[in-house]
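Since the structure comes first, as structure tokens, the remarks are kept for the end.
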Amino acid sequence: MAKSQAAPRAGGGGGGPPPKKKTVSLKNRIRSLERRSRRDGASAPSAEDTAEIARLRAEISGREKKIKDKDVYMKYRGVRFFERRRLMRYAKLCARAGDGEGSAWVRTDTAYVMGFPAGEKYVGMF
């Protein structure tokens with residue numbers, strides 16, 4: 001027995017949306033601007049090209065910083081989570097015992113854990 005093939009759809013063609021245009025990376029755009037300024041034979045690149053190159057380099061550095069900050073955040077996310085849980089347990093214990101001094105340091109430490117900047121290396125307390 002041979003497998004039967006499905007009949008082609010009416011209207012032919014592949015259907016679906018047209019293919020997306022390929023986006024050029026920021027580094028390639030910088031490279032092309034620099035090459036164009038050298039190729040034109042001018043002694044110095046135009047002010048527009050220089051401004052565009054500076055803008056693209058700033059955008060690249062911003063993206064790299066964002067990626068690095070996210071990597072650091074993801075690295076210490078678990079540590080911060082478990083320290084927060086531990087502090088919440090201490091807060092419950094202090095509340096049951098009616099200990100005012102104990103709850104003060106728990107609040108301070110909780111503020112440290114919760115308010116620590118995401119992009120910086122986290123220094124654990126415990």
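The values are calculated or read from the model by the stated rules, or taken from the named source; none is laboratory data. Please read these numbers as outputs of a predicted model, since none were measured by experiment. Backbone-built Cβ (ideal geometry, glycine too); neighbour counts: all protein chains shown. Ligands, DNA and RNA are stripped out before the accessible areas are found, and what is left, the full protein with its side chains, is counted by its heavy atoms. Shrake-Rupley method; radii C 1.70, N 1.55, O 1.52, S 1.80 Å.
Odds and ends about this structure:
- Residue in the stretch 31-45 that is at pLDDT below 95, in a loop (DSSP other than H, G, I, E, B), in contact with a helix residue (DSSP H, G or I) (Cβ under 8 Å, 6 or more places away or on another chain) and surrounded by 11 or more Cβ atoms within 10 Å (Cβ to Cβ) present: yes
- Taken over the stretch 80-107, the criterion of being under 21 Å from Lys121 (Cβ atoms) and open to solvent by less than 100 Å² (accessible area, probe 1.4 Å) is satisfied by Arg80, Phe81, Glu83, Arg84, Arg86, Leu87.
- Residue in the stretch 54-61 that is of a type in the set (Lys, Arg), surrounded by 10 or more Cβ atoms within 10 Å (Cβ to Cβ) and within 29 Å of the chain's Cα centre (by Cα) present: yes
- Meets criteria (modelled with pLDDT of 90 or more, under 30 Å from Tyr122 (Cβ atoms) and out of contact with any Cys (no Cβ under 8 Å at 6 or more places or on another chain)) for Arg55: no
- Number of residues in the stretch 74-123 that are of a type in the set (Gly, Ala, Ser), under 27 Å from Glu64 (Cβ atoms) and free of Cβ contacts under 8 Å to residues at least 40 places away in the same chain equals 2.
- Scanning the stretch 108-126 for residues that are among the hydrophobic types (A, V, I, L, M, F, W, C) and touching an Asp or Glu at 6+ places or on another chain (Cβ under 7 Å), we see that the one that is least open to solvent (accessible area, probe 1.4 Å) is Val113.
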